[in-house]
Structure formats: structure tokens, C-alpha cells
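Below is one structure, written out as C-alpha cells; the observations come after it.
The values are calculated or read from the model by the stated rules, or taken from the named source; none is laboratory data. As the structure is a computational prediction, the values presented were derived from the model and not from experiment. All Cβ positions, even for glycine, are placed from backbone atoms using ideal geometry, and neighbour counts span all protein chains on display. The area values use the complete protein model at the heavy-atom level, side chains included, leaving out ligands, DNA and RNA. Shrake-Rupley method; radii C 1.70, N 1.55, O 1.52, S 1.80 Å.
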Number of protein chains: 2
Amino acid sequence: MPESAVPVNLADKLSQFSELWSQKKVAALNDYEVKLAKLKGEFVWHSHEDTDEMFLVISGRLTIQLRDGDVVLGPGELFVVPRGVEHCPVADEETAILLLEPAGTLNTGDAGGPRTRAAEMLS
Amino acid sequence: MPESAVPVNLADKLSQFSELWSQKKVAALNDYEVKLAKLKGEFVWHSHEDTDEMFLVISGRLTIQLRDGDVVLGPGELFVVPRGVEHCPVADEETAILLLEPAGTLNTGDAGGPRTRAAEMLS
């Protein structure tokens, strides 16, 4: 069996980091990346012109603010923000999410700014 | 807020069907589909020449048989079967999974046969 043929345990991966608002790559699917992140507080308003973005909440509670209303996600709930739609994630408690989008998608999208982070590989 | 701006609750969606080995579409991300399925027993050996395929176990226990060994997934564990790699899912107990792959990917891949089903939209 190839060395890579081991499952990705999301809880194990989440236990390996504590940094907030920093996406960690845990798997690749074609030219997409599966990433984990821990969030608390409010992020920045941004959009991704070229891609949809999927959020799946693992633990905690995530509010995805949209310009015309909020989407609130608990554990086991997902939402796809369509390309070009401005959004701003906010979490009152520490929240763990799985993100799915094309490789290289930046967390701040078209907004840029000081909170921009490239996703990092989690060993 | 657009009518579609509601979260997808995976447990709710899973409660809406009982059919085994029948993929239900619950979200779209660019030209990819997020699908749910319930599995029990053994499927058929097959591969997907053109795409990787992601399995995430929600409940139960899934064994993905590969020609050179098995990958066993419990809840909160995921695995990406690389394109072209023959695999055969098997579940001793009823198991719920989330699948991610390009729209139109068939469950039996290149094997075809009587167990082929197109994914259905879940309302």
C-alpha cells in the first residue's frame, strides 16, 4: 500500500495546531485543497472572483455574514459562498471548520491586507 | 438574502433517504458536487480515470479496499482515492458518507454494470 494511503483524521489534525485564521492543508483532490482552520472573532469582508468556497463546520458555530443577511452554521452544517459574493466570517466561540476550494485560494480573496495567509501543509 | 442562502444540515439531509448505494447531491462548488450516500455491504471494484474522489465518513465505518491494502475510515476521517486507482468500498454496518468529486462522476466509474446510478438531487 502506498505510504499516502492512510486516512486523514480531522480531530487529530485539528489537535496539531492552535493558531487562529490560518488555513492548514490536509488533503488534495485534483486541483482542489481540503483545508482546516480555527476561527474566533471577526475576519475581513472579501470575495473570491474566480471560485466558490465551501465551509463545513466541525465544532463551534460560524456566522457567514453576507451583504444581505447572515448564514449561521453549527457542527455538521455546510454552506457554499458563490464566487464574487462578499462575505465576512465571524465566530463568537472558537470554531473549527473544513474548507474546500481550488489550490492557491487565499483566505482574504480579493481584499488582501495584513490578515492574508497562504495555506500551510499540516504534516 | 437569496433563497439559496441556507445552510445544508447533513443530518437533516441524511434523514431524507434510506436507499443504499445511491448518491444524493446536496451542494455544488464550481463544477464539483457534494454528495451524500448510505452504504452497507460491498460495492464493485472500479476506478475513475479522470478524477480523484474524496470520501468523508459521517457515521459508521467504511473500508476502502485497494488492490494493495485496505483503508479503514471512521466518523470524521477522510480519504482521497487518486484517479485511476482501483477501489471497492465495503461497510459491515450502515455507513453514511460525504463524497466530493466533479459533477457527473458515476458511482461505478469505468466499471459500469447494473449498480450504476446517476446522483440525484436531494430537495
Note: among B:Lys38, B:Lys13, just one is among the basic types (Lys, Arg) and either open to solvent by less than 30 Å² (accessible area, probe 1.4 Å) or under 13 Å from the mean Cα position of the chain (by Cα) (or both), namely B:Lys38
Open to solvent by 20 Å² or more (accessible area, probe 1.4 Å), in contact (Cβ under 8 Å) with a residue 60 or more places away in the chain and not hydrophobic (A, V, I, L, M, F, W, C): which single residue out of A:Asp31, A:Asp52 fits that description? A:Asp31
I'm trying to understand the selection: among the residues of the stretch A:91-123, which are aliphatic (A, V, I, L, M) and more than 15 Å from A:Ile58 (Cα to Cα)? A:Ala103, A:Leu106, A:Ala111, A:Ala118, A:Ala119, A:Met121, A:Leu122
If B:Ala5 passes every condition in (1) in a strand (DSSP E or B); (2) within 12 Å of chain A (Cβ to nearest Cβ) but one, which one does it miss? (1)
